[in-house]
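Take a look at the structure set out below.
A short reminder: the numbers here are calculations on the coordinates, not readings from a lab. Remember, it's a predicted structure, so these values are computed and weren't measured experimentally. Virtual Cβ from ideal backbone geometry, glycine too; neighbours counted across all protein chains shown.
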Amino acid sequence: MKVLALNSSPRKGGQSKTELMLSHLVKGMQDAGADVETVHLRDKTVRNCAGCFTCWTKTPGTCIHKDDMTKELYPKWLESDLAVYASPLYHFHMNATMKAFIERTLPVSEPFFLEGKDRTHHPLRGNHPLMVFLSVAGLPEEVVHIIAVHSKEGDLAERTVEGTIVYHADYINFESLGGKL
Ligand SMILES: Cc1cc2nc3c(=O)[nH]c(=O)nc-3n(C[C@H](O)[C@H](O)[C@H](O)COP(=O)(O)O)c2cc1C
């Protein structure tokens, strides 16, 4: 199995808990026979998605940017059987570096919609790796720490509007009005 392990922590070796956790996961996968490549996103240039939809219109499947994502990381990601997304938890979410990477995978989807039983989605252009999320956090409480292992397109991960509102409210210490209005 070909695995692309992405680490989005800006901190290096000795300091980074994300890198520490990821290195153990990688070792375990290698011991089990996987062919694993680790990429530290801090060493790469992954520009923000320009939102131009060129990858859906003028050059289907190809991003307008010419950076490490287009030239190296996106092709590697497409060729992988599994992608590991290792991100420190920043403000109850993956950090911006990982989010930028994920946004830049837009070329893999087709521009049109497919209506499923429970949701509408974009069909994919071709192969797409399975995904594992590994998240490292600082707070000790059992809050929303996102350690989600999920299948193609997140079918097994529950993402609700309520969940999003609750974690943002929790983060800014909002109190519930509890019918006081
Ligand atoms: C900007 C920022 C936001 C953070 N937000 C959270 C958070 O919401 N919850 C939490 O438990 N820890 C939070 N942390 C702590 C980090 O998750 C923790 O320090 C982690 O070890 C960072 O990963 P690293 O060691 O690989 O750099 C935050 C840290 C930073 C720098």
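Values as computed for the structure displayed
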{"read-out": "Protection proxy ranking, peptides 23-30, 78-85, 57-64, average beta carbon neighbours within 10 Å, highest first", "value": "78-85, 23-30, 57-64"}
{"read-out": "Sequence-distant lysines (8 or more away, or on other chains) whose Cα lies within less than 28 Å of LYS27", "value": "LYS2, LYS12, LYS17, LYS44, LYS71, LYS76, LYS99, LYS152"}
{"read-out": "FRET efficiency for MET1 and LYS44, using Cβ-Cβ distance with R0 set to 22 Å, rounded to 0.05", "value": "0.45"}
{"read-out": "Burial ranking of peptide ranges 106-119, 40-53 (average Cβ count within 10 Å, highest at the top)", "value": "40-53, 106-119"}
{"read-out": "Virtual spin-label span in nm between GLU115 and LYS76, 7 Å along Cα→Cβ", "value": "4.1"}
